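Input: one structure, supplied below.
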Amino acid sequence: MRVLQLNFERGWRGGERQTLLCLQQLRERGIDAQLLARAGEPLAQAARAEGFTVHAAKGVLGACFKLLCIGRGFDVLHAQTANTLSWLAVLKPLLGRLVVFTRRTSFRVTPSKQPRTAMKWRRVDAFVAISEAAAVEPRRLGLNVSIIRSAIEPATPDAERISALKQRYSLQGRLVVGTSAALTREKDPLTLVRAVHQLRKTHPNVVCLHFGAEGDVADAARQLVKELGLTQHYVFAGFEPGVEEVYGLFDVFVLSSLEEALGSSVLDAFSQKVPVVATRAGGLKESLAEGRGLLCDVGDFRTMAQNLAQVLQSPDLRAEMTRKAHDYVLREHNVGVMGERYVALYQTALNQ
């Protein structure tokens, strides 16, 4: 079997990490897995460094041309992103190959976009969602959806980096609230800033260490930190490669997203036995169910602050949450299980 994975995103976020894991798992099972990606971006570089064949292009037209040239040489064309699915939906009559799509978002399809989205989705031969939340919209439109949850490989804590970061940000003796999220609207850093401001009233030695790339609300988040007098309590630490290796810095992990199909950063916290507080956005309520974390409504910074305080104040609660979460992530988000499920999906779809 030959499989071409398609991911043309810039930067390195959860979807790019999952694409690389998928490539690795397919290769381990004897499948010729290759990648079509944007030239010069982290995913193309990482895949090439691991010995994968990478078909790189600088722009969309170049990528579509490459796809037309090489696509018929594969049994499966797997779109890991919505934009690459758009290309496959248009080119499928020319390519004549099995199309698989993994939906990694839980956004609602608006009425104005529904006809185009439905047309595109109905050209998919095997539709995958990474959570029940991500499956809601395609199922509403009458599609058959398989759930294959994102996976993680538990990181090995990097004690040297953790020590260096503690020194860099003067974290000794402080309670550290950590997050890993881009400064974008859907990640809602403004709510998190307000929650830290609220939390500081009862925990004056708290500091929030915010790892993540720049985004469309970065300026607003920095301005709010200044307005609330949090410059000594809220640190924008930027993008940190392999950030999951330094989760040992955190006393508690938090995610304030407006939309989140799954939240792979939460899974990393689970694997590192760091307690988690998050919003009920999308798949987060699935991940944190059954006592694996504490939840609040989207935008509810007061309850978020209360939940953070509760975790920081209760060793017994932290121990119970992290035990349940650790067991869950090893069982449900195992990278080998993900690989097996994708291979089974491909084989079933090809047989049909």
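Each reported figure results from applying straightforward, stated rules to the coordinates on display, with no laboratory input. Bear in mind that the values here come from a model prediction, so they are computed numbers and not experimental data. Neighbour counts run over all protein chains shown; Cβ positions are idealised from the backbone, glycine included.
As an exercise, use a Förster radius of 35 Å and the Cβ-Cβ distance of Ala319 and Gln347 to find the FRET efficiency, rounded to the nearest 0.05.
0.25
I'd like the Karplus ³J(HN,Hα) series for the range 178-186: coefficients 6.51, -1.76, 1.60, θ = phi - 60°, whole numbers in Hz, and an x wherever there's a Gly or Pro.
Here the 3J(HN,Hα) series is x, 8, 9, 7, 4, 7, 10, 4, 5 Hz.
I would also like to ask the following. For the range 159-332, what value does the Rg/Rh ratio take when both radii are computed over Cα atoms and Rh is the Kirkwood radius, given to two decimals?
So for the range 159-332, dividing Rg by the Kirkwood Rh gives 0.93.
Still on this structure, please answer the following. Before anything else, pin down the relative contact order of the range 245-352: Cα pairs under 8 Å, at least 6 apart, normalised by residue count, whole percent.
Relative contact order, the range 245-352: 24 percent.
For the range 68-176, what is the largest minus smallest coordinate of the Cα atoms on each principal axis, given in angstrom and ordered from greatest to least?
Cα extents, longest axis first: 60, 36, 22 Å.
Direction-averaged shadow area of the convex hull around the Cα atoms of the chain, nm²?
Spelled out: convex hull of the Cα atoms, projected over all directions, averaged, 17.7 nm².
Taking square-rooted eigenvalues a ≥ b ≥ c of the alpha carbon gyration tensor, is the range 1-80 rounded, prolate or oblate, where a/c under 1.5 means rounded and, failing that, a/b exceeding b/c means prolate?
Oblate, since a/c reaches 1.5 and b/c is not below a/b.
So how tilted is helix 14-28 from the main axis of the chain? Cα-based, degrees 0 to 90, rounded to 10.
Here the helix axis deviates by roughly 50 degrees.
Under a 10 Å cutoff between Cα atoms, tell me which one of Glu214, Glu240, Glu227 has the largest fluctuation in the Gaussian network model of the chain.
Greatest mean-square fluctuation among the candidates belongs to Glu227.
Continuing with this model, one more query. How do the peptides 177-184, 24-31, 161-168, 81-88 rank, highest first, by the average count of neighbouring beta carbon atoms within 10 Å per residue?
177-184, 81-88, 24-31, 161-168
On to the next question. Kindly express, to the nearest 10 degrees and within the range 0 to 90, the angle between helix 218-227's C-alpha long axis and the longest C-alpha principal axis of the chain.
The angle comes out at about 10 degrees.
Test of understanding: ordering Asp219, Asp75 by Cβ neighbours within 10 Å, fewest first, what list do you get?
Asp219, Asp75
Could you sort the peptides 332-340, 15-23 by per-residue average Cβ neighbour count (10 Å cutoff), highest mean leading?
Highest-to-lowest ranking by the protection proxy: 15-23, 332-340.
Let me make sure I get this right: for the range 258-345, a, b and c are the square roots of the gyration tensor eigenvalues over alpha carbons, sorted descending. Under 1.5 in a/c it's rounded, otherwise prolate if a/b > b/c, else oblate. Which is it?
Oblate.
Then there is this: Helix 189-200: angle to the longest alpha-carbon principal axis of the chain, degrees 0 to 90, nearest 10?
Relative to the chain, helix 189-200 is tipped by roughly 20 degrees.
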